[in-house]
Amino acid sequence: MNPITCTPPLNLQGQVIQAVFIGPTGSPPPKTVKTKPVPDAVPPPPTTPPPPPTPPKPDEPKIKTLPPPPEHPDVVDQEKVVEDALQKADDAKKLQEEKEQQRQSEIDAQAVKKKQEEQKKVDELFRKMDAAANQTKSLSKQAEQQKQDLANASDQSQPDLPKADQLQSGNNSDHTDLSSAYAAAIQNAVTPNWLRPDNITAAPCEVNIVQSPGGDVLSANVDPSCPYDDAGRRSVENAVLRTKTLPYKGFEKVFQRNLTFTFRP
């Protein structure tokens, strides 16, 4: 083991001086010296105004995010929705078709009813015309029979009515009797062609007739003294015009081109 060797202390000769060491903290503070400020040789830079405030940005529209579709959609529910929609469409179509069929049925029914009414009127008109024609034939036969009876009557049975040969060349009295028969024949010929209105009164009505030789009717005009209304007057005129030909044969002596005939219902 090596021992440590120390340096022996120095032996100074002379008197030992004692002194007290005073550090910086022990000395009094130095006096403050006032100094004049030195002006800056360089001027300060110019002041820059602050920038204007930035306007606020408009609010951006919020975008709604749709939820993601299901990973496994319910196929059964979708099929039911489609099936229900198809069923509703089919029901609406059927309802529309039923309404259209009903409307068409109503139109067809109205058309059939109108046609039936028109046909009924036509049938009634033909019925009246047939009845008038049959009555005309019957009355014509009666007029012919009456004329024949007058022609064949004897002086004893009918002293006021001469025989047929006397009617052709008789006097005024003979013409009066023939005129009465002529008037009756015209009445019998015209009456079946008269479509008489329901409101016609029983009063007589005079009608002025223009005819050609042979009895063809040229015109018929009701006299102003006729008591019938407009419908009744037209019915009388139409009855004469519908007759077309008045009795002529056998009544040549009393024939008149312009004839005033008293129409009696």
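The values are calculated or read from the model by the stated rules, or taken from the named source; none is laboratory data. Remember, predicted model here, so these are calculated numbers, not experimental data. Cβ sites come from the backbone with ideal geometry, for glycine too, and all protein chains shown count toward neighbours.
Would you confirm whether or not region 236-250 contains a residue that is touching a His at 6+ places or on another chain (Cβ under 7 Å), in a helix (DSSP H, G or I), closer than 16 Å to I186 by Cα and touching a residue at least 40 places away in the same chain (Cβ under 8 Å)? No, region 236-250 contains no residue that is touching a His at 6+ places or on another chain (Cβ under 7 Å), in a helix (DSSP H, G or I), closer than 16 Å to I186 by Cα and touching a residue at least 40 places away in the same chain (Cβ under 8 Å). Within region 185-199, being out of contact with any Ser or Thr (no Cβ under 6 Å at 6 or more places or on another chain) and of a type in the set (S, T, N, Q) holds for Q187, N188, T191, N199.
Conditions (1) surrounded by fewer than 10 Cβ atoms within 10 Å (Cβ to Cβ); (2) modelled with pLDDT of 70 or more; (3) closer than 30 Å to F255 by Cα, marked per residue:
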position	(1), (2), (3)
P69	yes, no, no
H72	yes, no, no
E124	no, yes, no
S154	yes, no, yes
K163	no, no, yes
S169	yes, no, yes
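Screening region 234-257 for residues that are among the small types (G, A, S) and under 52 Å from the mean Cα position of the chain (by Cα) and picking the one that is surrounded by the most Cβ atoms within 10 Å (Cβ to Cβ) gives A239. Filtered by the rule that a residue be part of a strand (DSSP E or B) and either over 49 Å from the mean Cα position of the chain (by Cα) or surrounded by fewer than 19 Cβ atoms within 10 Å (Cβ to Cβ) (or both), region 187-212 gives E206, N208, I209, V210, Q211.
Filtering region 213-233 to residues that are surrounded by fewer than 16 Cβ atoms within 10 Å (Cβ to Cβ), touching a residue at least 12 places away in the same chain (Cβ under 8 Å) and part of a helix (DSSP H, G or I) leaves only A231.
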